[in-house]
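For reference, the structure is listed below as structure tokens.
The values are calculated or read from the model by the stated rules, or taken from the named source; none is laboratory data. It should be emphasised that the depicted structure is a prediction, and the values quoted were computed from it without experimental measurement. Using ideal geometry, Cβ is built from the backbone for each residue, glycine included, and neighbour counts are taken over all protein chains shown.
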Amino acid sequence: MSKPVIATASLAGCFGCHMSFLDIDERILALAELVEFNKSPFDDIKRFSKPVDIGLIEGGCCNSENVHVLRDFRKNCRILVSVGECATMGGLPSLRNSIPLRECFREAYLESPSVAPEDRLIPNDEELPIILDKVMPCHEVVLIDAFLPGCPPSADLIWEALTALVEGRPLRLGYELVKFD
Ligand code: SF4
């Protein structure tokens, strides 16, 4: 019987959620028996090569490329999961949402003390993705089927959620998995 297929992506995130996934440690051997990975930074597969059962998304959408990747995941994944605070609520990148984009650019590229005078330029290469006015959590762009809280969600939480989805069990995330104190 074919294994369930998993894909993952990092949008506007820090890769901490992917690192937490790897913290499942030796359970990765059991996972390799249980599932097959498709498009993901874990295996460096860049394009979907088959329909995916479960897509895991880290990070929200801060630019046009994030939106494109997220829509592509929605199209190719039967179940789509928002992993971590950035994906579920915008997280740290969304702290800029209360500041006009023009001011963010000015501070980052023109007035920051860490920018040398000769480097003061707002990047405008046409190949760069367009920065969105606001950082959006994933569910404001596409339908999301499940949400995993935490920054990052713990390895145990990711493991429980993933195995439940793979085995068709209801997603019951107990207090021990979602408390962060
Ligand atoms: S939720 Fe936290 S760990 Fe995950 S991508 Fe965002 S900042 Fe990084």
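Tabulated results
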| quantity | calculated |
| --- | --- |
| Residues located in segment 121-143, provided they are in a loop (DSSP other than H, G, I, E, B) and surrounded by 12 or more Cβ atoms within 10 Å (Cβ to Cβ) | Pro129, Pro137, Val141, Val142 |
| Test set (1) surrounded by fewer than 18 Cβ atoms within 10 Å (Cβ to Cβ); (2) within 16 Å of the ligand (Cβ to nearest atom); (3) touching a residue at least 24 places away in the same chain (Cβ under 8 Å); (4) not basic (Lys, Arg) - Pro152 fails condition number | (1) |
| Matching residues in segment 9-23 - criterion: being surrounded by fewer than 18 Cβ atoms within 10 Å (Cβ to Cβ) and more than 9 Å from the ligand (Cβ to nearest atom) | Leu22, Asp23 |
| Residue in segment 34-49 that is more than 20 Å from Leu80 (Cβ to Cβ), loosely packed, with under 13 Cβ neighbours inside 10 Å, within 16 Å of the ligand (Cβ to nearest atom) and at pLDDT 95 or above present | no |
| Residue in segment 60-73 that is under 26 Å from Thr163 (Cβ atoms) and either among the polar types (S, T, N, Q) or in contact with a Pro (Cβ under 9 Å, 6 or more places away or on another chain) (or both) present | yes |
| Only listed residue being surrounded by 21 or more Cβ atoms within 10 Å (Cβ to Cβ) and under 13 Å from Cys138 (Cα atoms), chosen from Val52, Val81 | Val81 |
| Residue list for segment 150-181, filter: modelled with pLDDT of 95 or more, of a type outside the set (Gly, Ala, Ser) and not in a helix (DSSP H, G or I) | Cys151, Pro152, Pro153 |
| Yes/no for Val81 being in contact with a Lys or Arg (Cβ under 8 Å, 6 or more places away or on another chain) and at pLDDT 95 or above | no |
| Number of the exception - Ile6 against (1) more than 16 Å from the ligand (Cβ to nearest atom); (2) out of contact with any Gly (no Cβ under 9 Å at 6 or more places or on another chain); (3) of a type outside the set (Phe, Trp, Tyr) | (2) |
